[in-house]
Each structure stands twice: as structure tokens, then as C-alpha cells.
Ligand SMILES: Cc1cc2nc3c(=O)[nH]c(=O)nc-3n(C[C@H](O)[C@H](O)[C@H](O)COP(=O)(O)O)c2cc1C
């Protein structure tokens, strides 16, 4: 059987990001589940804030098309994102908005989030671990036709969530990670597109 390809998209670019750190731990777990993992940085896909006039004048920017193609080249996607004021951060929201504008003109059957298996994770030093952001993201992506899996990981008090070998130290966090990875790989294997 071909390996299941999973793309990890962190929603932060920040040096020392809690979410990039969690993305690395998620990547390890996906590799253990025999997935083939690609991790990207949205910093490699710089995009202006979405503006309909800009799109009408110049079309969808090349970076958005590239990101859409990267998503389309994977069976599933894991988004690991900070929460800003109970919402997804603009970096991530804007990138996803642009991706939904990439359509048939670029040799795709609709935008690449449609039918895609997607998992959501977040890390925060707060008590809720970014769970409110994930609720909004789930709604948004489901509205786009993505297959968002039920299992998710909200890592609360994230700076203190690891042991000295960079593993999640709390049983509940490890269980949530494993359940999320299992579900994502299973759904991605049965690619719904
Ligand atoms: C504009 C802004 C709003 C924030 N709002 C929240 C919030 O609603 N909930 C939360 O848990 N953390 C919030 N934070 C704190 C972030 O969780 C924290 O900065 C985190 O480290 C960002 O993720 P990163 O480390 O991956 O960059 C906010 C941070 C910023 C800059």
C-alpha cells in the first residue's frame, strides 16, 4: 500500500512558537503511524490580505496556487495553530481564504480543501489550549467541505507540557494526540475526493 501523505501546517511563524513545537511532536507521532509527513511554514507562502479587487485585477497569487497544490499533493492535512482572541490567527485564516479561491483554472477539481481529511491541534499557555479557535476553524473548514475529524488536540499550559525528551508528559495529552493521529491517517487512507 502507498504511504499516507500528511501535510502539517503550523499557524505561527514565531521563533520559539509553541505551535511549531507541537507540530514537531505531531510529526513524530504521524511517522510512528507510518505516514509520510511534510511540514511547511506559511512564511514560504507570503500572501497579501485577501482583497476581491486584487483578485479581480491580478488573479489568485502564485503563492496561494502553490499552497493549494501542496495541499492537493497530500491525502490529509494537520493544522497546528495558535489562538488569537478566541479565533484563528490572520496568517492562517488569510492563507486558507486564498486557497479556497484556487479553482479549476489551476487544474484542480474545486479548491483542495474540499473532501480533504483534516485534523486540528492548538497549543497555548492558557487553560483552554486554544480550543475556542479550533471550534471556529472546524466550522470554517466544514463549511468549505473539508472532512474535519472529530478528534483534536488542545494543549493547555503548553510551555510546561513536555518531559526532558520533548515528549508530551501528560497521559491525557498523549492519548488525544494518538487518537487524532489514528483517525487522521485512517480517514486520509480512504481519501474522500
Ligand atoms: C493578538 C493575540 C491574541 C491572543 N489571544 C489568545 C487567546 O484568545 N487565547 C489564548 O489561549 N492565547 C491567546 N494569545 C496568546 C497566544 O496563545 C500565545 O502568544 C502563543 O504563544 C502564540 O502561539 P505561538 O507560540 O505558536 O506563536 C494571544 C496572543 C496574541 C498575540
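The values are calculated or read from the model by the stated rules, or taken from the named source; none is laboratory data. No experiment lies behind these values; they were computed from the predicted model shown. Neighbour counts run over all protein chains shown; Cβ positions are idealised from the backbone, glycine included.
Regarding residue 121, is this residue assigned to a strand (DSSP E or B) and within 15 Å of the ligand (Cβ to nearest atom)?
yes
Looking at the stretch 25-60, which of the residues that are within 16 Å of the ligand (Cβ to nearest atom) and touching a residue at least 24 places away in the same chain (Cβ under 8 Å) is nearest to residue 162 (Cα to Cα)?
25
Applying the selection to the stretch 61-97, what residues are within 16 Å of the ligand (Cβ to nearest atom), assigned to a helix (DSSP H, G or I) and crowded, with 17+ Cβ neighbours inside 10 Å?
Our first condition is that a residue be within 16 Å of the ligand (Cβ to nearest atom); within the stretch 61-97, this holds for 78-95.
Among the residues that remain, those that are also assigned to a helix (DSSP H, G or I) are: 90-95.
Listed by number, the residues that qualify are 91, 92, 93, 94, 95.
In this structure, is residue 135 surrounded by fewer than 18 Cβ atoms within 10 Å (Cβ to Cβ) and either touching a helix residue (DSSP H, G or I) at 6+ places or on another chain (Cβ under 8 Å) or modelled with pLDDT of 95 or more (or both)? Steps first, please.
Working: surrounded by fewer than 18 Cβ atoms within 10 Å (Cβ to Cβ): yes; either touching a helix residue (DSSP H, G or I) at 6+ places or on another chain (Cβ under 8 Å) or modelled with pLDDT of 95 or more (or both): yes.
Yes: the conditions hold for residue 135.
With the condition kept exactly as written, say whether any residue in the stretch 99-113 is within 16 Å of the ligand (Cβ to nearest atom) and either surrounded by 15 or more Cβ atoms within 10 Å (Cβ to Cβ) or within 22 Å of residue 153 (Cβ to Cβ) (or both).
no
Out of the residues in the stretch 25-60 that are assigned to a helix (DSSP H, G or I) and touching a helix residue (DSSP H, G or I) at 6+ places or on another chain (Cβ under 6 Å), which is nearest to residue 128 (Cα to Cα)? Walk me through how you get there before you give the answer.
Start the filter on the stretch 25-60 by keeping residues that are assigned to a helix (DSSP H, G or I), which leaves 25-32, 42-44, 52-58.
Checking the rest, the ones that are also touching a helix residue (DSSP H, G or I) at 6+ places or on another chain (Cβ under 6 Å) come to 29-30, 42.
Numbers: 29: 22, 30: 24, 42: 25 Å.
By that ranking, first place goes to 29.
How many residues does the stretch 127-145 hold that are in a loop (DSSP other than H, G, I, E, B), touching a strand residue (DSSP E or B) at 6+ places or on another chain (Cβ under 7 Å) and under 16 Å from residue 92 (Cα atoms)? Talk me through it step by step, then tell me what you get.
We begin by selecting, within the stretch 127-145, every residue in a loop (DSSP other than H, G, I, E, B); these are 127-130, 144-145.
Adding the requirement that they be touching a strand residue (DSSP E or B) at 6+ places or on another chain (Cβ under 7 Å) leaves 128-130.
Retained after the next criterion (residues that are under 16 Å from residue 92 (Cα atoms)): 130.
Residues in the stretch 127-145 being in a loop (DSSP other than H, G, I, E, B), touching a strand residue (DSSP E or B) at 6+ places or on another chain (Cβ under 7 Å) and under 16 Å from residue 92 (Cα atoms): 1 in total.
Take residue 7 and tell me if it is touching a strand residue (DSSP E or B) at 6+ places or on another chain (Cβ under 8 Å), in a helix (DSSP H, G or I) and closer than 29 Å to residue 178 by Cβ.
No.
Considering 181, 148, which residue is surrounded by 15 or more Cβ atoms within 10 Å (Cβ to Cβ), under 16 Å from the mean Cα position of the chain (by Cα) and not in a helix (DSSP H, G or I)?
Criteria check complete, one pass: 148.
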